[in-house]
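The values are calculated or read from the model by the stated rules, or taken from the named source; none is laboratory data. Because the structure is predicted, anything quoted here is derived from the model rather than measured. In this analysis, Cβ positions are derived from the backbone assuming ideal geometry, glycine residues included, and neighbour counts consider all displayed protein chains.
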């Protein structure tokens, strides 16, 4: 997994995080697609992911912070659409961390961090 770059980890992490959030919203009783989408965006937008990162950052290990930074510092030609560059980079780092934990098969740790975020 160390051979995967930060953007590759972020690519996977984005979808994994989206799945966690969608499942969480369904367990909360949201059933209408429009409402599900609006609620999911609160968590999965770049701003929402930066806020999620803020909630868990103090609980991250040194190796998790290193993965986050690898994603945050990755060079990309993509320009953020609805946020500033700093927030976009923080969100990319967050996604990289989620992707890394998923590929590490550390579901317990991933679940633990997600629980901190959604509470």
Review point. Which residues, counting only those in the range 6-57, are surrounded by 14 or more Cβ atoms within 10 Å (Cβ to Cβ) and not in a helix (DSSP H, G or I)?
Key: 30, 45
Check your understanding: Which residue pairs have Cβ atoms closer than 8 Å, lie 6 or more positions apart in sequence or on different chains, and pair a first residue in the range 16-44 that is without any contact (Cβ under 8 Å) to a residue 12 or more places away in the chain with a second residue that is surrounded by 15 or more Cβ atoms within 10 Å (Cβ to Cβ) and assigned to a helix (DSSP H, G or I)?
Key -> 26/36; 30/36; 30/39; 41/48; 42/48
**Study point:** Set 83, 87: member being part of a loop (DSSP other than H, G, I, E, B) and surrounded by 15 or more Cβ atoms within 10 Å (Cβ to Cβ)
**Key:** 83
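For (1) modelled with pLDDT of 95 or more; (2) in contact with a helix residue (DSSP H, G or I) (Cβ under 9 Å, 6 or more places away or on another chain); (3) under 14 Å from residue 67 (Cα atoms), each residue gets a yes or a no:
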residue	(1), (2), (3)
3	no, no, yes
7	no, yes, yes
22	yes, yes, no
44	yes, yes, no
